[in-house]
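First comes the structure, then the notes that go with it.
The values are calculated or read from the model by the stated rules, or taken from the named source; none is laboratory data. Note that the coordinates shown come from a computational prediction; the quantities given were computed from them, not determined experimentally. Cβ atoms come from the backbone with ideal geometry, glycine included; neighbour counts cover every protein chain shown.
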Amino acid sequence: MQCVERVQSTPQNEPKISQVNPVNMGIEDMEKREETLFNETFDVITEKLTSNINPDLKRVSDWLKKVLVYNVPHGKKNRGMALVLAYQVLKKNKKLDSDKSHQARILGWCIEILQAFFLIHDDIMDQSLTRRGQSCWYKKEDVGLIAINDGILLNSCIYSLLKENFSKEPAYSQILDLFHEVTDLTIKGQCLDMLNSTPDMRSNPAAFTQDVYSAIVKYKTAFYSFSLPIRLAFYLVGIVQEEVHTKAEEILLKFGHFFQVQDDFLDCYGDPAVIGKVGRDIEEGKCCWLFVNALKLCTDDQKKILLDNYAKEEPAAVAKVRDIYDQLNMRKVYQDYEDASYKEIKVLIDSFEYAQQVPLDVFNWLLKKIYRRSK
């Protein structure tokens, strides 16, 4: 059964905006323009996904619209916009095909839908209360554990959109394979994270090594947050050479690690009103950057306090962990890490050997976007 009709760039359904050729725009102006078009495209795909379901499933259609509208469009949209901007930069010196620009936005929303699928399930597993400044989906009175199926429902929307909008693309099979591969890797990364947070692991220093942390970050975050959007943009413009993808992914996985360290810092020190959620890494016993590095820097007495109080819900226990963080001046440790990582990634970008095919602006824009972020 087909769930959607092909979303094509027609005067009826493509978002309207003053027609300025992105080739002649700076990347910041291009970003503003594309953000407007990207947001408008969400309404188009929501309508298509929910208006062509079999009449027997009318209630499902109505419910799906609620799931989409509540869970998908309210984040920072970094992943979707990264794809859209990467596509525009890659096409910068060519005549832009408006159909492909619209397709890039649809593909960007496929990533945002994937993100929503992961977050719905992540919030259930972590017993989180808020997400993006509102109650977690599963916490709503009329939802509960239906949310488990809702996440799967969102995942199915991705493949409906891909089939209806990209099946005639030369790189359709590569696009499909990449979504399948990255989804698989991310699910395994989530599993590793959860296995590392079980009660018997929470007081075990072996659960909080740099190697364990790096593996969780690589698989749970880096592939779908950075490798997926940029490599999809490559496929959309016809860059299919495996060696280009491999070298680019090496840089993009470094981005992913950097990004997750920032998230871990903000979970503890960020303003909930700004980041859109109340951090719970300490309570949940997460293998996070702050705890891993605190264990490396602390004295034996401080280590005992950390291990005795980590992964506990009691505010007093959380306060003791935070106090050790402050004693170790983890804010300064993080700032030094952020500056060093920025320089390391910049060196990798500047030495990228396929700059003729992939303008370095693709990477430099991303680095500027996340460096010293506060949310």
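The residues listed here are Lys332, Lys346; of these, the one that is closer than 21 Å to Leu266 by Cα and of a type outside the set (Gly, Ala, Ser) is Lys332. Suppose we filter the stretch 179-221 for residues that are buried (at least 20 other Cβ atoms within 10 Å of the Cβ) and more than 30 Å from Asp308 (Cβ to Cβ); how many remain? Here the count works out to 3.
Only a single item in (1) among the basic types (Lys, Arg); (2) buried (at least 16 other Cβ atoms within 10 Å of the Cβ); (3) under 30 Å from Val244 (Cα atoms) is not met by Lys368, and it is number (2). I'm trying to understand the selection: among the residues of the stretch 141-190, which are within 16 Å of the chain's Cα centre (by Cα) and either among the aromatic types (Phe, Trp, Tyr) or part of a loop (DSSP other than H, G, I, E, B) (or both)? Within the stretch 141-190, Phe179 is the sole residue that qualifies. Put simply, of Lys277, Lys286 the only residue that is touching a strand residue (DSSP E or B) at 6+ places or on another chain (Cβ under 7 Å), touching a residue at least 60 places away in the same chain (Cβ under 8 Å) and closer than 29 Å to Gln127 by Cα is Lys277.
In a residue-by-residue description of the stretch 249-260, the property of being farther than 16 Å from Cys287 by Cβ, of a type in the set (Asp, Glu) and touching a Ser or Thr at 6+ places or on another chain (Cβ under 9 Å) applies to at least one position.
Taken over the stretch 192-208, the criterion of being modelled with pLDDT of 85 or more and not in a loop (DSSP other than H, G, I, E, B) is satisfied by Leu192, Asp193, Met194, Leu195, Ala207, Phe208. Evaluating Asp271 against the criteria (1) of a type outside the set (Lys, Arg); (2) crowded, with 18+ Cβ neighbours inside 10 Å; (3) within 21 Å of Gln335 (Cα to Cα) leaves one unmet condition, (2). The C-beta contact set for the stretch 56-72 (first residue within 14 Å of Asn39 (Cα to Cα), second residue of a type in the set (Asp, Glu), distance under 6 angstrom, 6+ apart or interchain) comprises Val72/Glu112. Applying a threshold of 9 Å to beta carbon distances and a minimum spacing of six or more residues, or different chains, the list of pairs starting in the stretch 325-348 at a residue that is over 23 Å from Tyr310 (Cβ atoms) and ending at one that is surrounded by 14 or more Cβ atoms within 10 Å (Cβ to Cβ) and aliphatic (A, V, I, L, M) reads Glu338/Val261; Ser341/Val261; Tyr342/Leu367; Ile345/Ile251; Ile345/Leu367; Lys346/Leu367; Leu348/Ile251. Looking only at residues of the stretch 117-140 that are in a loop (DSSP other than H, G, I, E, B) and hydrophobic (A, V, I, L, M, F, W, C), we find that the one that is nearest to Tyr224 (Cα to Cα) is Cys136. Lys95 meets each of the listed conditions (1) modelled with pLDDT under 95; (2) surrounded by 18 or more Cβ atoms within 10 Å (Cβ to Cβ) apart from (2).
Every residue, every condition in (1) out of contact with any Pro (no Cβ under 8 Å at 6 or more places or on another chain); (2) surrounded by 15 or more Cβ atoms within 10 Å (Cβ to Cβ); (3) of a type in the set (Asp, Glu); (4) at pLDDT below 95, yes or no:
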site: Pro22; (1), (2), (3), (4): yes, yes, no, yes
site: Asp29; (1), (2), (3), (4): yes, no, yes, yes
site: Glu34; (1), (2), (3), (4): no, yes, yes, yes
site: Ile45; (1), (2), (3), (4): yes, yes, no, no
site: Ile53; (1), (2), (3), (4): yes, yes, no, yes
site: Leu57; (1), (2), (3), (4): yes, no, no, yes
site: Trp63; (1), (2), (3), (4): yes, yes, no, no
site: Asn71; (1), (2), (3), (4): yes, yes, no, no
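Looking only at residues in the stretch 273-283 that are closer than 25 Å to Ser341 by Cβ and assigned to a helix (DSSP H, G or I), the one that is farthest from the chain's Cα centre (by Cα) is Ile282.
The residues of the stretch 242-260 that are surrounded by fewer than 17 Cβ atoms within 10 Å (Cβ to Cβ) and either within 14 Å of Glu344 (Cβ to Cβ) or at pLDDT below 95 (or both) amount to a single one, Glu250.
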